[in-house]
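Novice: Dropping a structure here in structure tokens format, bear with me for questions.
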Amino acid sequence: MTKQRLEIEKSNQQKPKPESDQIPFGSVFTDHMFVMDYDSAKGWYDPRIVPYEPLTLDPAAMIFHYGQTVFEGLKAYRGEGDRILLFRPEQNFARLNRSSERLSIPPINEEEVMDHLRELISLEKDWVPETKGTSLYIRPFIIATEPNLAVAPSKTYKLMIILSPVGSYFTGGLRPVTINVEDQFTRAVKGGTGMAKTAGNYSAAYQAQAKASQEGGAEVLWLDGVEKRFIEEVGSMNIFFKINGEVITPELSGSILKGITRMSIIELLQDWGIPVTERKISIDELYQAYEEGIVEEVFGTGTAAVISPVGEFNWLGKKMVINNHQIGDLSQKLYDTITGIQRGEVTDSYEWTVEVI
Ligand code: COI
């Protein structure tokens, strides 16, 4: 397939660039965005970079009615010598296509869109912040645009990439949080859309999140939807437990998102000779291990936060305090290594980083 020509329309206005370590996550956007359209006759066509602006969509556009949409999240980091680095971006585009398949959205050409992303970031390079802990968050997403209320896949779509300078996901930095084990709501079930990055998985979590906040928790621990026993995810992150020297993370059951940070942590631990197992782990097993005093560390992992240590679980009125509310040594080492590789400060022997410019 021949590569399509990218049109670039430059904005004649430049927005002020705020201090990224002070802005709430995802609330400021750069001057340009990438757009590409799809229809069944032409396939994906008309790739372009245009000034960031609101969209005009028909009120009957299918995205509004049946939620046919997928998204990704990755970051660009400013390393030494003003190099701009991406972390395993090919994994994000591969996952975007896996999510699309689940939502009956036509696949994109991953390499081609990756090239367009490079162009977009080159144009917006001054927006990539410098301070440690900051980055330019990249949000590719696809929406169904056909104006039609039929319950069927759309015949037209829009792929867009928008960019947002961000500081630390959690204000206050790496700090162990309290987690409510959710016993009523379910995030996803095997056979559902849990393995896809699609909007409904996130909005369906808000009610449980609000309940957790009311009860003093920062996030929700999701259990499997069938038996309400097996641990799946924490908030919008994957989860890891260090129990008696072994690191355990729930196996990818079909309802769990295959996180890129999760994947990288498993590879790092294997390399460091730390036993790491992907398997089912139930909340009862965790509680029993806690009572035996062998739960050493627990942390969530995701692109936005990288590592988020868990300080405490609340489960049916029972409390489990993890590592005395302190960040564990392994959590800290993983955080330092991954963020170091991302910024080009730690040798990337895995070839995970991709230099944009
Ligand atoms: C991530 O950290 O990877 C997430 O999924 C959070 C994002 C939706 C803001």
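Novice: Return yes or no: is residue 39 of a type outside the set (Lys, Arg), open to solvent by 30 Å² or more (accessible area, probe 1.4 Å) and on the phi > 0 side of the Ramachandran plot? It would help to see each step written out before you state the result.
Specialist: Details: of a type outside the set (Lys, Arg): yes; open to solvent by 30 Å² or more (accessible area, probe 1.4 Å): yes; on the phi > 0 side of the Ramachandran plot: no.
No: the conditions fail for residue 39.
Novice: Within the stretch 107-120, can you find the residues that are closer than 21 Å to residue 355 by Cβ, in contact with a helix residue (DSSP H, G or I) (Cβ under 7 Å, 6 or more places away or on another chain) and either open to solvent by 20 Å² or more (accessible area, probe 1.4 Å) or of a type in the set (S, T, N, Q) (or both)?
Specialist: 110, 114
Novice: Check 58, 46 and return the single one that is assigned to a strand (DSSP E or B), farther than 30 Å from residue 262 by Cβ and away from the ligand (no atom under 16 Å from the Cβ). It would help to see each step written out before you state the result.
Specialist: Numbers: 58 fails: assigned to a strand (DSSP E or B).
Going through 58, 46 in turn, just one is assigned to a strand (DSSP E or B), farther than 30 Å from residue 262 by Cβ and away from the ligand (no atom under 16 Å from the Cβ): 46.
Novice: Please state which one of 215, 182 is outside the structural domain of residue 33 (by TED's automatic domain parsing) and loosely packed, with under 15 Cβ neighbours inside 10 Å.
Specialist: On the way: 182 fails: loosely packed, with under 15 Cβ neighbours inside 10 Å.
Exactly one of 215, 182 is outside the structural domain of residue 33 (by TED's automatic domain parsing) and loosely packed, with under 15 Cβ neighbours inside 10 Å, namely 215.
Novice: Another question, if that's okay. Which one is most open to solvent (accessible area, probe 1.4 Å), of the residues in the stretch 254-265 that are among the aliphatic types (A, V, I, L, M) and either more than 16 Å from the ligand (Cβ to nearest atom) or assigned to a helix (DSSP H, G or I) (or both)?
Specialist: It comes out as 263.
Novice: What tally of residues in the stretch 304-333 results from selecting those that are in a strand (DSSP E or B) and open to solvent by 60 Å² or more (accessible area, probe 1.4 Å)?
Specialist: First, pick out the residues of the stretch 304-333 that are in a strand (DSSP E or B): 306-315, 318-321.
Checking the rest, the ones that are also open to solvent by 60 Å² or more (accessible area, probe 1.4 Å) come to 318-319.
Going through the stretch 304-333 one residue at a time, the tally reaches 2.
Novice: Tally time: how many residues in the stretch 3-31 are open to solvent by less than 100 Å² (accessible area, probe 1.4 Å), among the acidic types (Asp, Glu) and over 26 Å from residue 113 (Cβ atoms)? Can you show your working first?
Specialist: At the first step, the residues of the stretch 3-31 found to be open to solvent by less than 100 Å² (accessible area, probe 1.4 Å) are 4, 6-8, 11, 15, 17-18, 20-21, 23-31.
Next, only the ones that are among the acidic types (Asp, Glu) stay: 7, 21, 31.
Imposing the further condition that a residue be over 26 Å from residue 113 (Cβ atoms) reduces the set to 21.
So the answer is 1.
Novice: Of the numbered conditions (1) out of contact with any Leu (no Cβ under 7 Å at 6 or more places or on another chain); (2) surrounded by fewer than 22 Cβ atoms within 10 Å (Cβ to Cβ), residue 268 fails exactly one; give the number of that condition.
Specialist: (1)
Novice: Restricting to the stretch 68-104, what's the tally of residues that are part of a loop (DSSP other than H, G, I, E, B), on the phi < 0 side of the Ramachandran plot and either under 13 Å from the mean Cα position of the chain (by Cα) or not assigned by TED's automatic domain parsing to the domain that holds residue 157 (or both)?
Specialist: To start, the set of residues in the stretch 68-104 that are part of a loop (DSSP other than H, G, I, E, B) comprises 68, 72-73, 79, 83, 88, 103-104.
Checking the rest, the ones that are also on the phi < 0 side of the Ramachandran plot come to 68, 72-73, 79, 83, 103.
Of the ones still in play, those that are also either under 13 Å from the mean Cα position of the chain (by Cα) or not assigned by TED's automatic domain parsing to the domain that holds residue 157 (or both) are 72-73.
The number of residues fulfilling the criteria is 2.
Novice: State yes or no: is residue 197 in a loop (DSSP other than H, G, I, E, B), within 13 Å of the ligand (Cβ to nearest atom) and modelled with pLDDT of 95 or more? Give the steps one after another, and end with the answer.
Specialist: Details: in a loop (DSSP other than H, G, I, E, B): yes; within 13 Å of the ligand (Cβ to nearest atom): yes; modelled with pLDDT of 95 or more: yes.
So residue 197 fits the description; yes.
Novice: Pick from the stretch 220-249 the residues that are open to solvent by 30 Å² or more (accessible area, probe 1.4 Å) and in a strand (DSSP E or B): which of them is farthest from the ligand (Cβ to nearest atom)?
Specialist: 246
Novice: Assigned to a strand (DSSP E or B), modelled with pLDDT of 95 or more and exposed (fewer than 15 other Cβ atoms within 10 Å of the Cβ): does that describe residue 301? If you could, list the steps in order and put the result at the bottom.
Specialist: On the way: assigned to a strand (DSSP E or B): yes; modelled with pLDDT of 95 or more: yes; exposed (fewer than 15 other Cβ atoms within 10 Å of the Cβ): no.
For residue 301, the condition - assigned to a strand (DSSP E or B), modelled with pLDDT of 95 or more and exposed (fewer than 15 other Cβ atoms within 10 Å of the Cβ) - is not met.
Novice: I need a count of the residues in the stretch 121-142 that are modelled with pLDDT of 95 or more, surrounded by fewer than 18 Cβ atoms within 10 Å (Cβ to Cβ) and within 18 Å of residue 15 (Cα to Cα).
Specialist: Qualifying residue count, the stretch 121-142: 3.
Novice: Anything in the stretch 334-357 that is assigned to a helix (DSSP H, G or I) and in contact (Cβ under 8 Å) with a residue 24 or more places away in the chain? List them, or say none.
Specialist: Quick first cut of the stretch 334-357, residues assigned to a helix (DSSP H, G or I) only: 334-342.
Selection gives 334, 335, 337, 338, 339, 341, 342.
Novice: Any chance the stretch 138-152 includes a residue that's under 22 Å from residue 262 (Cα atoms), over 18 Å from the mean Cα position of the chain (by Cα) and assigned by TED's automatic domain parsing to the domain that holds residue 16?
Specialist: No, that holds for no residue.
Novice: Among the candidates 181, 151, 166, 70, which residue alone is aliphatic (A, V, I, L, M) and modelled with pLDDT under 95?
Specialist: On the way: 181 fails: modelled with pLDDT under 95; 151 fails: modelled with pLDDT under 95; 70 fails: modelled with pLDDT under 95.
Unique residue meeting the criteria: 166.
Novice: Is it true that residue 285 is assigned to a loop (DSSP other than H, G, I, E, B) and open to solvent by 40 Å² or more (accessible area, probe 1.4 Å)? Before you say what the answer is, go through the steps one by one.
Specialist: Values: assigned to a loop (DSSP other than H, G, I, E, B): no; open to solvent by 40 Å² or more (accessible area, probe 1.4 Å): yes.
Against the criterion (assigned to a loop (DSSP other than H, G, I, E, B) and open to solvent by 40 Å² or more (accessible area, probe 1.4 Å)), residue 285 does not qualify.
Novice: Something else now. Which number in (1) more than 16 Å from the ligand (Cβ to nearest atom); (2) touching a Ser or Thr at 6+ places or on another chain (Cβ under 7 Å); (3) within 18 Å of residue 123 (Cβ to Cβ) marks the one condition that residue 83 misses?
Specialist: Of (1) more than 16 Å from the ligand (Cβ to nearest atom); (2) touching a Ser or Thr at 6+ places or on another chain (Cβ under 7 Å); (3) within 18 Å of residue 123 (Cβ to Cβ), only one is false for residue 83: (2).
Novice: Any residue at all in the stretch 51-67 that's open to solvent by less than 70 Å² (accessible area, probe 1.4 Å), under 22 Å from the mean Cα position of the chain (by Cα) and of a type outside the set (A, V, I, L, M, F, W, C)? I'd like the intermediate steps shown before the answer.
Specialist: Step one: filter the stretch 51-67 for residues open to solvent by less than 70 Å² (accessible area, probe 1.4 Å), giving 51, 57, 60-63, 67.
Applying the additional criterion that residues be under 22 Å from the mean Cα position of the chain (by Cα) yields 63, 67.
The next check asks that each one be of a type outside the set (A, V, I, L, M, F, W, C); those that pass are 67.
Yes, there is a match, as at least one residue in the stretch 51-67 is open to solvent by less than 70 Å² (accessible area, probe 1.4 Å), under 22 Å from the mean Cα position of the chain (by Cα) and of a type outside the set (A, V, I, L, M, F, W, C).
The values are calculated or read from the model by the stated rules, or taken from the named source; none is laboratory data. The model shown is predicted, which means the values in this text are computed figures rather than measured ones. Note: ideal-geometry Cβ built from the backbone for every residue, glycine included; neighbour counts use all protein chains shown. Heads up: the accessible areas ignore ligands, DNA and RNA and are worked out on the full protein's heavy atoms, side chains in. Shrake-Rupley method; radii C 1.70, N 1.55, O 1.52, S 1.80 Å.
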